[in-house]
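Taken together, the values in this text are just the output of simple stated rules run on the coordinates, not laboratory data. It should be emphasised that the depicted structure is a prediction, and the values quoted were computed from it without experimental measurement. As a convention, Cβ positions derive from the backbone with ideal geometry for all residues, glycine included, and neighbour counts pool all protein chains shown.
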């Protein structure tokens, strides 16, 4: 995740500029729910808390953060929803043996 790389294409965009924590995270979760697995969401925000909250959200929810630029506001992130090769996630039904 090098911010010097070209910003990858995204399937949807979310502008969270001017919105303070925790609202950007709620909007991101809502936006990701609307997308199919493997789709990418571009998020821009200017609240400094997104610089640590977005990566934490991705780790905790099983999404992949494929790009980030936190060098200056507005900060930019590309989140890939639940990679197709993901392992079991919270809420998945266990399979009988």
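For the reader, a short list of remarks on this structure follows.
- Expected-Rg normalisation [2.2 N^0.38 Å, Cα atoms] applied to region 12-80: 0.97
- Taking the average, over residues, of other Cβ atoms within 10 Å as the packing measure, peptides 27-38, 56-67, 71-82 rank 71-82, 56-67, 27-38 from highest down.
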